[in-house]
1. Within the stretch 1-60, track down each residue that is aliphatic (A, V, I, L, M), in a helix (DSSP H, G or I) and at pLDDT 80 or above.
2. What pairs come out if I take residues in the stretch 156-182 that are free of Cβ contacts under 8 Å to residues at least 12 places away in the same chain and pair them with residues that are of a type in the set (Val, Ile, Thr) whose C-beta lies under 7 Å away, six or more apart or interchain?
3. For the stretch 127-169, enumerate the residues that are among the aliphatic types (A, V, I, L, M) and outside any strand (DSSP E or B).
4. Give me a count of the residues in the stretch 8-37 that are over 13 Å from Cys90 (Cβ atoms), among the small types (Gly, Ala, Ser) and under 10 Å from the mean Cα position of the chain (by Cα).
Amino acid sequence: MLSLLSCFGQETHIIEPSILEISYHTKYLNSYDDYALRIGKNVSEYFSYHTLRFDSLGSNPETALAIINEKIKAARNNNKTTHKVESPNCRDYLYRNLEEGKMTTYTQVWDSYYKITEDIPTPEWSIHEDSTRSIIGFNCTMATTHFRGRDWKVWFSEEIPLPLGPWKLGGLPGLILAAHCDGFLDIIASNIKREQLSPVKFYNFWE
């Protein structure tokens, strides 16, 4: 279901406390980005750290000009350190509600903002027990699938028994800590936090 975000009418608010936050580093062609997967008891959210910063500062008239100048300067200097917000779906704020079995994406298309609701995707995974690796100290097993028109290879850890992962990937018996789509996208967990966590939050910078 697709609807204009302006019809949604909620202010930024806390949904529930977080129990875990995973940071992911993504590489998309020659660009980079960093994402958070913030997990609560029933709801998780996935978003770009850089998009959150730009949206937060950009929605404030006192700081919006500084953000514009930063983007212009980064583009002129071709500075990859500051000019990072370039990855597929980097404008999206994605929420999974495990209790309701629904996934909601809030996204920007040109100058319009939309809310997209769907059932939580259930990719058909093939698990490769003989292919393993360690990611940030967790033992992981490889799984593969064809999902949303692309072939994906992921590594999940049953040491973190949550059926979640970056973007819309999930449905395995452990948290996905890395994902690879040949010639398109690489995602890998860089950190896991269990303490001093920010809550799972609904963000609305557009109304």
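The values are calculated or read from the model by the stated rules, or taken from the named source; none is laboratory data. Here the structure is a predicted model, which means the values were calculated and not measured. Using ideal geometry, Cβ is built from the backbone for each residue, glycine included, and neighbour counts are taken over all protein chains shown.
1. From the stretch 1-60, those aliphatic (A, V, I, L, M) are 1-2, 4-5, 14-15, 19-20, 22, 29, 36-37, 39, 43, 52, 57; that's our starting set.
Adding the requirement that they be in a helix (DSSP H, G or I) leaves 5, 52, 57.
Leu52, the sole residue that qualifies.
2. Taking only residues 6 or more apart or on different chains, not a single pair turns up.
3. Within the stretch 127-169, the subset among the aliphatic types (A, V, I, L, M) is 127, 135-136, 142-143, 154, 160, 162, 164, 169.
Listed by number, the residues that qualify are Ile136, Ile160, Leu162, Leu164, Leu169.
4. Adding up the residues that qualify gives 1.
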